[in-house]
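Asks: My questions will all concern the structure given below.
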Amino acid sequence: MKRLLLPAVLLATALLSGLCAAQGTGKIPQRADIDPKYKWKLEGIYATDDLWDADVKRLEGMLAPWAAMKGHLSASGDSLLQAFRMADSVGVVSGRLYAYASMRRDEDNRVPRYLGEVDRLNGLFTQVGAAGAYMSPEILGIPQATLDAFLKSTPALGLYRHALDDVLRRRPHTLPEPEERLLALSSEMSGGPGTIFGAFDNADLRYGSIRDENGQLTEVTKARWEMWRVSPDRRVRRDAFQTLFGTYAGFNNTLGACLNADVKGQLFYARARKYDTAVEASLDNNNIPVSVYRNLVATVNANLGPLHRYAELRKKWMGLDTLRLYDLYVPLVPEVKFDVSFEAAQKEVVAGLQPLGETYLAPFRKGLESGWIDVYETQGKTSGAYSGGTYSTQPYVLLNWSNTLDDEFTLAHEMGHSLHSYFTWKTQPPVYANYSTFVAEVASTGNEALFMHHLLQGKLTREQRMYLINHQLEQIRGTFFRQTLFAEFELRIHEMAEKGEPLTAEAMNKLYADLYRTYYGPALTVDSLTACEWSRIPHFYMHYYVWQYATSFAASMALSQKVLQEGQPAVDRYLGFLKAGSSDYPIEILKHAGVDMSTPAPIEATVAQFSRLLDELEKLHDSK
């Protein structure tokens, strides 16, 4: 997962013993127990907290001069250029401040200082938005002939031509300056539901304990659920599922009200800006037609046969009377074990990415060796994984490593994000330094595809090949089909709210259960805990983000195949994609790289690949 932070191989014996001892008692290590070489180096952003405080004051001091440009943008090309450059400077400083504070918070969500710093910044960024709210309305008030004259008389303004075109494109949805300022002032309030969910989910919630495979009482965490859901011991999978999901179910109405409040906030902003729907408002930021979103959902719904077949085979091969959600992740070849240390994974992933060449691999290796990565789970640490950082810093990666094959793919995935950021930040000016969310998952899932290809080219036993094919099927199921299910759920709950239908936890449970039955077919038994899974998904507070996992995955499958088949010409186009940032619209950037996401073809090709892999898995299974 790419964390968008800009606002505008063997362990040492002692460490391994320490971690094993901590896990053996069911306790999560404290951050102080982890060797510094496995921690990211945030002092590269600010060496001390005092320097962070000083930059807060610096940012506060930048706002009045920027706001004072109001009313002067039409005076000359130089005035307009100055306003853009001030906006860039504000964005760069804001990004550094937020990157540092949020990642310090994510190291340990129990530390009040960094929780307070993030909250402080949320308030300050409201002021930032208010200070610059005049820019788009004022640019829209400049006659096109005058803008053309500015661009001719002030050559440096040409850098901002695409940014100007993007402002002019959104003319129907840009409000007069006082109203824009009012919307900017309300932004801190609108983020409340997501902030509340994040604090509850990462800091306050506790899930209890279960007996692990060895009968030892062990605390349940989100990271351990990721580990236990692939356990060959169904009792452990079931107990972990019931403990974790049951905890969320106990807060079903509260979490339903939280998500409902977030949806209503999105509808407010969409209607205030004269969009027909929230999805239209969200996608218009990247100039993506709603038809692209609906085409994904419709095309996947029309091609669910292979996923139904996969669920039936899983139920049959596992010898189950009922297939449950907690049975969907366990490998179908349970005797194959991958216990992968972090050091071994680094070497293997680098080997798998050799087709991208040394231009790509040199900074990749640098990242592995230079404090980009925070490796292990510790008490209070944010769960999951993401790539962070900001313009003018190095990329950073948060992991919660547990020595699984999934962790190895996660390393490839998050470093894909980080290399995308690295090349964009190195190539683009601040105004184009944020690549859009529509392409944000292409580089990450592309790395996974190349890494999987590398593994499948190795000398493998039948069981190992089956395991890896099953793993690739799971990648497609989890990143393509599952995210499309999420996308359809997100679209439907917004449609319910737009129609005035009550968006209660009960209604969302029913919708979510129905979608699971549609996507997986009759083989999967959907129980009440599965029905409330939506309540633990943080991505629903990221506003039409999840669908782009599916589209990005389809695009990355196509691009990785081109790299493998065409060689250097495809690599050059791919590196151009990584460097492009937001210097063009995302669909156009992908077209230049070699894939057209305005058509259903990449989606259908991904389903076809899933079906081919399923065919091979069946043949291998039947060749006993």
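Asks: Which residue out of Pro193, Pro178 is under 26 Å from Ala75 (Cβ atoms) and either hydrophobic (A, V, I, L, M, F, W, C) or part of a helix (DSSP H, G or I) (or both)?
Replies: Values: Pro193 fails: under 26 Å from Ala75 (Cβ atoms).
Of the residues listed, the single one that is under 26 Å from Ala75 (Cβ atoms) and either hydrophobic (A, V, I, L, M, F, W, C) or part of a helix (DSSP H, G or I) (or both) is Pro178.
Asks: Which one of the conditions (1) surrounded by fewer than 19 Cβ atoms within 10 Å (Cβ to Cβ); (2) under 15 Å from Gly198 (Cα atoms) does Tyr114 fail to meet, given that it meets all the rest?
Replies: (1)
Asks: Related question: Hey, Val439 hits all of (1) surrounded by fewer than 23 Cβ atoms within 10 Å (Cβ to Cβ); (2) closer than 29 Å to His308 by Cα; (3) in contact with a helix residue (DSSP H, G or I) (Cβ under 6 Å, 6 or more places away or on another chain) but one; which does it fall short on?
Replies: All conditions are met except number (1).
Asks: Evaluate the following for Glu474: is it in contact with a helix residue (DSSP H, G or I) (Cβ under 6 Å, 6 or more places away or on another chain) and among the charged types (D, E, K, R)? Walk me through it before giving the result.
Replies: Working: in contact with a helix residue (DSSP H, G or I) (Cβ under 6 Å, 6 or more places away or on another chain): no; among the charged types (D, E, K, R): yes.
It is false that Glu474 is in contact with a helix residue (DSSP H, G or I) (Cβ under 6 Å, 6 or more places away or on another chain) and among the charged types (D, E, K, R).
Asks: Can I ask one more? Failed condition for Leu217, given (1) of a type in the set (A, V, I, L, M); (2) surrounded by 18 or more Cβ atoms within 10 Å (Cβ to Cβ); (3) farther than 27 Å from Lys510 by Cα, with all others met?
Replies: With (1) of a type in the set (A, V, I, L, M); (2) surrounded by 18 or more Cβ atoms within 10 Å (Cβ to Cβ); (3) farther than 27 Å from Lys510 by Cα applied to Leu217, the lone miss is (2).
Asks: Could you please let me know if Leu455 is at pLDDT below 90, more than 30 Å from Phe84 (Cα to Cα), among the aliphatic types (A, V, I, L, M) and out of contact with any Pro (no Cβ under 9 Å at 6 or more places or on another chain)? Explain how you work it out, then say what you get.
Replies: Working: at pLDDT below 90: no; more than 30 Å from Phe84 (Cα to Cα): yes; among the aliphatic types (A, V, I, L, M): yes; out of contact with any Pro (no Cβ under 9 Å at 6 or more places or on another chain): yes.
Considered against the rule, which asks whether it is at pLDDT below 90, more than 30 Å from Phe84 (Cα to Cα), among the aliphatic types (A, V, I, L, M) and out of contact with any Pro (no Cβ under 9 Å at 6 or more places or on another chain), Leu455 comes out as no.
Asks: Does Pro178 satisfy the criteria of being surrounded by fewer than 17 Cβ atoms within 10 Å (Cβ to Cβ), of a type outside the set (Gly, Ala, Ser) and at pLDDT below 90?
Replies: Numbers: surrounded by fewer than 17 Cβ atoms within 10 Å (Cβ to Cβ): yes; of a type outside the set (Gly, Ala, Ser): yes; at pLDDT below 90: yes.
Answer is yes for this residue.
Asks: Can you pull out every residue in segment 495-521 that is in contact with a Leu (Cβ under 9 Å, 6 or more places away or on another chain) and not aromatic (Phe, Trp, Tyr)?
Replies: Met496, Ala497, Glu498, Leu503, Ala505, Met508, Leu515, Arg517, Thr518, Gly521
Asks: Is it true that Leu42 is touching a Leu at 6+ places or on another chain (Cβ under 9 Å), surrounded by 15 or more Cβ atoms within 10 Å (Cβ to Cβ), of a type outside the set (S, T, N, Q) and modelled with pLDDT of 95 or more?
Replies: Values: touching a Leu at 6+ places or on another chain (Cβ under 9 Å): no; surrounded by 15 or more Cβ atoms within 10 Å (Cβ to Cβ): yes; of a type outside the set (S, T, N, Q): yes; modelled with pLDDT of 95 or more: yes.
In short, no.
Asks: Filter segment 450-487 for residues that are among the small types (Gly, Ala, Ser) and surrounded by fewer than 24 Cβ atoms within 10 Å (Cβ to Cβ) and give the result. Don't jump to the end; show me each part of the working.
Replies: In the first step, residues of segment 450-487 are kept if they are among the small types (Gly, Ala, Ser); the result is 458, 478, 487.
Those that are among the small types (Gly, Ala, Ser) and surrounded by fewer than 24 Cβ atoms within 10 Å (Cβ to Cβ): Gly458, Gly478.
Asks: In addition: Would you call Ala344 under 22 Å from Ala608 (Cα atoms) and of a type in the set (A, V, I, L, M, F, W, C)?
Replies: Spelling it out, it is not the case that Ala344 is under 22 Å from Ala608 (Cα atoms) and of a type in the set (A, V, I, L, M, F, W, C).
Asks: So, of the residues in segment 392-435 that are more than 18 Å from the chain's Cα centre (by Cα) and of a type in the set (Gly, Ala, Ser), which turns out to be surrounded by the fewest Cβ atoms within 10 Å (Cβ to Cβ)?
Replies: Among those that are more than 18 Å from the chain's Cα centre (by Cα) and of a type in the set (Gly, Ala, Ser), it is Ser392.
Per-residue answers, yes or no, for (1) surrounded by fewer than 18 Cβ atoms within 10 Å (Cβ to Cβ); (2) not in a helix (DSSP H, G or I):
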| residue | (1), (2) |
| --- | --- |
| Ser535 | no, no |
| His543 | no, yes |
| Phe553 | no, no |
| Val563 | no, no |
| Pro569 | yes, no |
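Asks: Would you mind listing the helices (runs of 4 or more DSSP H) fully within segment 232-295 where at least 3 residues are closer than 18 Å to Thr437 by Cβ? First the steps, then the outcome.
Replies: Details: elements: 234-249, 252-272, 278-284.
Passing ranges, in order: 252-272, 278-284.
Asks: Among the numbered criteria (1) over 19 Å from Leu168 (Cβ atoms); (2) buried (at least 17 other Cβ atoms within 10 Å of the Cβ), which one does Arg120 miss?
Replies: (2)
Asks: Can you tell which of Gly192, Gly246, Gly208 is under 30 Å from Trp401 (Cα atoms) and either modelled with pLDDT under 95 or touching a strand residue (DSSP E or B) at 6+ places or on another chain (Cβ under 8 Å) (or both)? Step through it out loud before you land on a result.
Replies: Working: Gly192 fails: under 30 Å from Trp401 (Cα atoms); Gly246 fails: either modelled with pLDDT under 95 or touching a strand residue (DSSP E or B) at 6+ places or on another chain (Cβ under 8 Å) (or both).
Going through Gly192, Gly246, Gly208 in turn, just one is under 30 Å from Trp401 (Cα atoms) and either modelled with pLDDT under 95 or touching a strand residue (DSSP E or B) at 6+ places or on another chain (Cβ under 8 Å) (or both): Gly208.
Asks: Output the residues belonging to segment 310-329 that are small (Gly, Ala, Ser) and either surrounded by fewer than 17 Cβ atoms within 10 Å (Cβ to Cβ) or farther than 15 Å from Val526 by Cβ (or both).
Replies: Listed by number, the list holds a single entry, Gly319.
Asks: Any residue in segment 589-604 that's of a type in the set (S, T, N, Q): show its pairings with residues that are surrounded by 15 or more Cβ atoms within 10 Å (Cβ to Cβ) at Cβ separation under 7 Å, as long as the two are six or more apart or on different chains.
Replies: Ser598/Val292; Ser598/Ile587
Asks: Can you name the number of the only condition in (1) out of contact with any His (no Cβ under 8 Å at 6 or more places or on another chain); (2) at pLDDT below 95 that Ser418 fails?
Replies: (2)
Asks: Report, ordered by the first and then the second residue, all pairs with beta carbons closer than 6 Å, sequence separation of six or more or different chains, a first member in segment 165-193 that is over 13 Å from Gly132 (Cα atoms) and of a type outside the set (Lys, Arg), and a second member that is assigned to a loop (DSSP other than H, G, I, E, B) and at pLDDT 85 or above.
Replies: Correct list of pairs: His173/Arg273; His173/Lys274.
Asks: Of everything in segment 45-71, what is surrounded by 15 or more Cβ atoms within 10 Å (Cβ to Cβ) and either touching a strand residue (DSSP E or B) at 6+ places or on another chain (Cβ under 8 Å) or more than 28 Å from Ser102 (Cα to Cα) (or both)? Give them in sequence order.
Replies: Let us first name the residues in segment 45-71 that are surrounded by 15 or more Cβ atoms within 10 Å (Cβ to Cβ), namely 45-46, 52, 55-56, 59, 62-63, 66-67, 69-70.
Across segment 45-71, the qualifying residues are Met69, Lys70.
Asks: While we're looking at this one, here's another question. Take the residues in segment 488-522 that are over 19 Å from Ala249 (Cα atoms) and aromatic (Phe, Trp, Tyr); name whichever of them is surrounded by the most Cβ atoms within 10 Å (Cβ to Cβ).
Replies: Filtering first and then ranking leaves Tyr520.
Asks: Counting just the residues of segment 70-99 that are touching an Asp or Glu at 6+ places or on another chain (Cβ under 8 Å) and part of a helix (DSSP H, G or I), which one comes out farthest from Lys41 (Cα to Cα)?
Replies: First, the residues of segment 70-99 that are touching an Asp or Glu at 6+ places or on another chain (Cβ under 8 Å): 70-71, 73-74, 93, 96-97.
From what's left, part of a helix (DSSP H, G or I): 93, 96-97.
Details: Val93: 19, Arg96: 14, Leu97: 15 Å.
Checked segment 70-99; the qualifying residue farthest from Lys41 (Cα to Cα) is Val93.
Asks: Mind listing whichever residues of segment 578-604 are more than 30 Å from Pro363 (Cβ to Cβ) and surrounded by fewer than 20 Cβ atoms within 10 Å (Cβ to Cβ)?
Replies: Initial filter on segment 578-604 (more than 30 Å from Pro363 (Cβ to Cβ)): 598-601, 603-604.
Within segment 578-604, Ser598, Thr599, Pro600, Ala601, Glu604 qualify.
Asks: Still on this model: Suppose we filter Val336, Val350 for residues that are β-branched (Val, Ile, Thr) and in contact with a Lys or Arg (Cβ under 9 Å, 6 or more places away or on another chain); which single one remains?
Replies: On the way: Val336 fails: in contact with a Lys or Arg (Cβ under 9 Å, 6 or more places away or on another chain).
Answer to the check: Val350.
Asks: A follow-up question, please. Say we look at segment 405-462 and pick out the residues that are among the acidic types (Asp, Glu) and assigned to a helix (DSSP H, G or I); which of these is farthest from Leu332 (Cα to Cα)? Before the answer, list the steps.
Replies: Taking segment 405-462 and keeping what is among the acidic types (Asp, Glu), we get 406-408, 414, 441, 448.
This time we only want the ones that are assigned to a helix (DSSP H, G or I), so: 406-408, 414, 448.
Values: Asp406: 15, Asp407: 18, Glu408: 19, Glu414: 26, Glu448: 20 Å.
Among them, the one singled out is Glu414.
The values are calculated or read from the model by the stated rules, or taken from the named source; none is laboratory data. All of these numbers come straight from a predicted model, not from anything done at the bench. Don't worry about glycine lacking a Cβ; one is built from the backbone with ideal geometry, like all the others, and counts go over all protein chains shown.
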